[in-house]
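Heads up, the thing below is written out as structure tokens.
The values are calculated or read from the model by the stated rules, or taken from the named source; none is laboratory data. Note that the structure is predicted; figures quoted are calculated from it, not measured. Glycine gets a Cβ as well: all are built from the backbone with ideal geometry, and neighbour counts include every protein chain shown. Ligands, DNA and RNA are stripped out before the accessible areas are found, and what is left, the full protein with its side chains, is counted by its heavy atoms. Shrake-Rupley method; radii C 1.70, N 1.55, O 1.52, S 1.80 Å.
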Amino acid sequence: MDQTLRPINEKDIPSIIEKAVLFGGKITQSNPNSMVEMAIKRVDVDVYGTMTIKLTEAPPIEKKRPISITFNYRSLFFYLDPTQYVLKDDTIVADLPKGAKAIAIRNDDRYVMPHNTEIKTTIHRIEKRLESCPLEVKIVDVSQNGLGLLISNHGDRALLPNDHIWVKALCDMALKKPIFGRIVYTIIKKYKDNSLDLRVGVSLDEAIPEEVFSELQKKSNLILSA
């Protein structure tokens with residue numbers, strides 16, 4: 001998948017942001033002596049095109065400097081200059097941007113696996129952290145050059161955006177050669193018992209071999225068009 005950020009048509013920005021807020025993101029501000037970066041907790045967009053961005057805590061940003069917003073969904077990215085936003089405690093209120101960039105939308109269909117089946121595989125993370133690896137994961141959906149995965153019973157740092165992995169097998173079918181992939185986004189879902197699920201989107205450097213992809217297609221019960 002092409003990871004180049006491309007300009008978005010202004011009329012499409014509201015609908016893309018509406019999707020992106022579900023996947024989380026971060027704000028960033030570059031100052032002369034520091035770099036401020038903070039996770040976005042929640043975003044609401046009202047009918048007048050005003051965004052209310054709730055952060056995990058009050059950010060130490062300088063109100064007279066611009067900030068950048070990056071969402072995990074399609075790496076959506078835009079700037080807000082000091083006249084376009086207001087900061088109060090842990091909340092930023094701003095108008096929708098007039099300009100933004102994002103990764104181009106996928107150009108192949110996505111095949112969703114049935115919820116009541118356990119179609120699993122094992123992936124190998126390149127980055128070295130305390131969280132165990134390799135990881136056994138459930139395949140949620142698949143496209144020719146991408147995977148949607150679900151990881152349970154691991155920490156929220158098992159995989160992070162921009163991590164790199166090797167996929168050596170899919171659905172008990174060994175690949176003739178491993179496929180290199182990059183984590184595009186992660187979504188954390190926590191439960192009352194403190195357990196969590198990690199939903200992960202993977203962009204693959206190479207297409208899944210036709211014979212393996214065909215078997216996965218047969219297991220799918222829903223096709224989402226590009």
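Points to keep in mind about this one:
- Members of Lys128/Lys189; Lys26/Lys88; Lys26/Lys64; Lys120/Lys189; Lys120/Lys168; Lys41/Lys190 lying beyond 21 Å, as alpha-carbon distances in this model show: Lys128/Lys189
- Prolate/oblate/rounded call for segment 110-154, Cα gyration tensor, a/c under 1.5 rounded: oblate
- With a cut-off of 11 Å on the backbone N, no residue of segment 81-118 is near the modelled label site 7 Å out from Asn31 along Cα-Cβ.
- Accessible area per residue, Å², the chain with all protein chains present, probe 1.4 Å: 57
- Looking at segment 132-226, the DSSP beta bridges with both ends there are about 100 percent antiparallel.
- Within segment 14-37: backbone nitrogen closer than 18 Å to the Ala58 label point (7 Å, Cα to C-beta): 36-37
- Distance in nm between pseudo-label sites at Lys98 and Leu222 (7 Å out along the Cβ direction from Cα): 3.9
- Measuring nothing but how far apart in sequence close Cα pairs (under 8 Å, 6+ apart) lie, relative to its length, the chain scores a relative contact order of 18 percent.
- Cβ-placed point charges (K, R +1; D, E -1), dipole of the chain about Cα centre in debye, nearest 20: 260
- Here the Karplus relation 6.51 cos²θ - 1.76 cosθ + 1.60, evaluated at θ = phi - 60°, turns the backbone of segment 23-33 into coupling constants of 9, x, x, 8, 10, 9, 9, 9, 10, x, 10 Hz, with x for every Gly and Pro.
- A 1.4 Å probe, protein heavy atoms only, puts the accessible area of Lys26 near 70 Å².
- In Å², nearest 10: area of Glu136 left accessible to a 1.4 Å probe: 110
- Apolar share of the accessible surface for segment 1-87: 52 percent from carbon plus sulfur atoms, 1.4 Å probe.
- Within the full protein context, the accessible area of Met35 is estimated at about 120 Å² for a probe radius of 1.4 Å.
- Counted residue by residue at 0.36 nm each, then reduced by the alpha carbon distance between them, the extension gain from Tyr48 to Asp108 reaches 18.2 nm.
- Under the Karplus curve 6.51 cos²θ - 1.76 cosθ + 1.60, θ = phi - 60°, whole-Hz ³J(HN,Hα) for segment 131-138, x wherever Gly or Pro sits: 4, 5, 7, x, 10, 8, 10, 9
- With respect to the chain, whose longest principal axis is taken over its alpha-carbon atoms, helix 210-219 is tilted by about 80°.
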